[in-house]
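For reference, the structure is listed below as structure tokens.
The values are calculated or read from the model by the stated rules, or taken from the named source; none is laboratory data. It should be emphasised that the depicted structure is a prediction, and the values quoted were computed from it without experimental measurement. Here the Cβ is made from the backbone with ideal geometry for all residues, glycine too, and neighbour counts use every protein chain on show. Surface accessibility is based on the protein's heavy atoms, side chains included, excluding ligands, DNA and RNA. Shrake-Rupley method; radii C 1.70, N 1.55, O 1.52, S 1.80 Å.
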Amino acid sequence: MNRKLKKEIGLNTVHPFDSGGPRARFSYLHMKYLFFSWLAVLVGSWIVYVEYSSYTELCRGMNQNCDKYRKGVIDGSACSSLCEKDTLYLGKCFTAKANSQVYSGSWGDLEGVIKCQMEEVPHYDLGNEMEPKKEVVAFNKPIRGTSVEKFREMILNHLKAKVGDQANLANLATQVLSIADANKDGHISLPEARSTWALLQLNEFLLALVLQDREHTPKLLGFCGDLYVMEKVPHSPLFGISLPWIIEVWIPTGLRRRMDQLFTPSWPHKAKISIGLLELVEDVFHGTFGSFLMCDVRATSFGYNDRHDLKVMDAQYIVPEAIFQEDIRQQRCDVDEDCLYGADCLTSCDLTKHRCTPEVTRPNLAKACEALKDYILRGAPSDVREELEKQLYACIALKGSTEHMEIEHSLILNNLKTLLWKKISHTKDS
């Protein structure tokens, strides 16, 4: 009986390591997998929450202009459509900084980009990002009782301070007054004048005025206070694709660069776009209304239309050379890197005075050529590639302080434009 019982017990008893071990290991791996999965979900949710909350904070505040419009503080060609008729619609918010609001939008049958400066425009904070300020634009200039002639004088003095004492500033001031008369009734009201004065403080608006007869800046469609509507640029950035930030952070720089080069137009179209960037450099270098410095020459700063004409997407860092030099002289420094504005405007540090020198180390053309090098050489026809590469490297090597820089600048610029035009002039792409 005992033997039978032992046998039955022996048949039914299983050593824990025979089947319990694998089951335990499976359970451990399962728990480990679940733990890391939940951890990933938790961290991802926290990142999304932080990004979304900061995004929604950035995209608030657009109604401030409508409040001021209803109170009679500001006026402009877009105010009625934005605040009363609801025909100016705000679409997706592209804002990345607290001091600047950027939206896609539509105005009747027109598609555009709506921009608004939310804080007062500070002086250039060289080497650092501009810190957001608490106070918004006051719209207190010009004061009540200011005549049109006095307002014209204010505009002239402001333009002179921005771009220097240029011969054609009177014509530019006349253009500003024409824009200020938003309803085209032949009279500039105080709210219209205050809106125009606020816009004049912005680099992008000033550049749009200076280059309005050229094709490189989107057209100004309308404004309301310091909010303004520009025509939409259908293709941006200049090359590559825009990816969600959560994907962007996981892509290595080298792979991202190769991906960007894949998503580009055909080479003849790239040549025409490149010519547009070279012409922009030409226009802002000793142009009709003085010189401007291009302090952020990246693909994201530019786009192009369906005719492959280059368009400036973000002119915040295209600054008048005169005011840049005036401000940077006051910048204290210990090393050259303390004298950097934007991504590309670097001067040297005078260690005897611990102040930045006013001359940039690289001209606009050198920075533009560096941005174009990989873009235009990829897929270049074999009969122009060698000469094109030679000219681009000579261009990249340009320095801002050499004695004959302007002559070299003009020579290389003309050589590059001629080389590209000759290759595409016989095609429909020209």
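Net charge dipole, the range 245-425: roughly 660 debye, given to the nearest 20, about the Cα centre with Cβ charges of +1 for Lys and Arg and -1 for Asp and Glu. The stretch between ARG298 and THR427 holds 43.6 nm of extra length on full extension. This uses 0.36 nm per residue minus the Cα-Cα distance. Ranking PHE151, PHE35 from most to least accessible surface, computed with a 1.4 Å probe over the protein chains only, gives PHE35, PHE151.
With each label modelled as a point 7 angstrom along the Cα→C-beta vector, the GLU153-ASN414 pair spans 4.5 nm. What spacing in nm lies between the two simple spin-label points modelled at LEU34 and LYS390, each 7 Å away from Cα in the Cβ direction? Spacing of the two 7 Å Cα→Cβ label points: 7.0 nm. Computed 3J(HN,Hα) for the range 264-281, one whole-Hz value per residue from the Karplus formula 6.51 cos²θ - 1.76 cosθ + 1.60 where θ = phi - 60°, is 9, x, 5, 4, x, 5, 4, 4, 5, 4, 5, 4, x, 5, 5, 5, 4, 4, glycine and proline marked x. For the residue pairs LYS92/LYS417; LYS71/LYS311; LYS390/LYS423; LYS115/LYS399; LYS92/LYS141; LYS71/LYS232, alpha carbon separations beyond 26 Å are given by LYS92/LYS417; LYS71/LYS311; LYS115/LYS399; LYS92/LYS141; LYS71/LYS232.
Taken along the Cα-to-beta-carbon direction at a fixed 7 Å, the label points for LYS353 and ARG70 span 5.3 nm. Exposure check, 1.4 Å probe, all protein chains in place: LYS85 carries approximately 140 Å² of accessible surface.
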